[in-house]
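The values are calculated or read from the model by the stated rules, or taken from the named source; none is laboratory data. As the structure is a prediction and not an experimental result, all values here were calculated from the model. Counting neighbours? That spans all protein chains shown, and the Cβs are built from the backbone with ideal geometry, glycine included.
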Amino acid sequence: AGVMMVPQRKTRDGFEEHFGLNYLGHFLLTNLLLDTLRESGSPGHSARVVTVSSATHYVAELNMDDLQSSACYSAHAAYAQSKLALVLFTYHLQRLLAAEGSHVTANVVDPGVVHTDLYQHVFWGTRLVMKLFSWLLFKTPREGSWIS
């Protein structure tokens with residue numbers, strides 16, 4: 001599950017929606033599954049955590065004083081920050097798993113530009129251009145999943 005470019009709103013738990021759904025939800029699910037993954041992995045047959053991020057994380061700034069994007073909301077900045085948080089979490093998780101000698105690997109991937117409903121909140125003109133050229137420029141969801 002994930003969201004992109006949504007207007008400023010909060011999850012049922014009171015978190016900014018990008019941060020809550022794109023990061024906290026995945027963080028929680030991963031941590032809830034870690035013991036099962038550790039039991040499932042074996043030498044030569046590691047269990048995997050695959051986190052889907054975005055190249056947008058390269059333009060993000062992780063504002064530790066305002067993770068909820070309360071001070072100055074930008075849908076793009078909130079999305080990018082949530083994806084950067086995922087990348088940093090996955091890198092850290094992989095270091096921890098390797099240090100404990102676990103047979104679990106943590107990987108983060110960017111599927112590229114995939115034609116999905118994630119774009120429903122972008123500017124209408126952008127959606128129009130996307131509709132006209134998506135067949136040429138975008139991957140199908142199936143193609144986007146190949147990277148993971």
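Descriptive notes on the structure:
- Residue check for Val3: within 25 Å of Ala106 (Cα to Cα), touching a residue at least 40 places away in the same chain (Cβ under 8 Å) and part of a loop (DSSP other than H, G, I, E, B): yes
- Comparison of Val59, Val52 shows that the only residue that is β-branched (Val, Ile, Thr) and touching a residue at least 40 places away in the same chain (Cβ under 8 Å) is Val52.
- Filter result for Ser40 (at pLDDT 95 or above and small (Gly, Ala, Ser)): yes
- Selection count where residues are surrounded by 14 or more Cβ atoms within 10 Å (Cβ to Cβ), assigned to a helix (DSSP H, G or I) and among the hydrophobic types (A, V, I, L, M, F, W, C), scope the stretch 31-76: 4
- The stretch 77-109, subset among the polar types (S, T, N, Q) and closer than 17 Å to Gly20 by Cα, residue surrounded by the fewest Cβ atoms within 10 Å (Cβ to Cβ): Thr90
- For the stretch 83-102, the criterion of a residue being within 15 Å of the chain's Cα centre (by Cα) and modelled with pLDDT under 85 is satisfied by no position.
- Across the stretch 6-29, the qualifying residues are those that are part of a helix (DSSP H, G or I) and in contact with a Lys or Arg (Cβ under 7 Å, 6 or more places away or on another chain), and the one among them that is surrounded by the most Cβ atoms within 10 Å (Cβ to Cβ) is Asn22.
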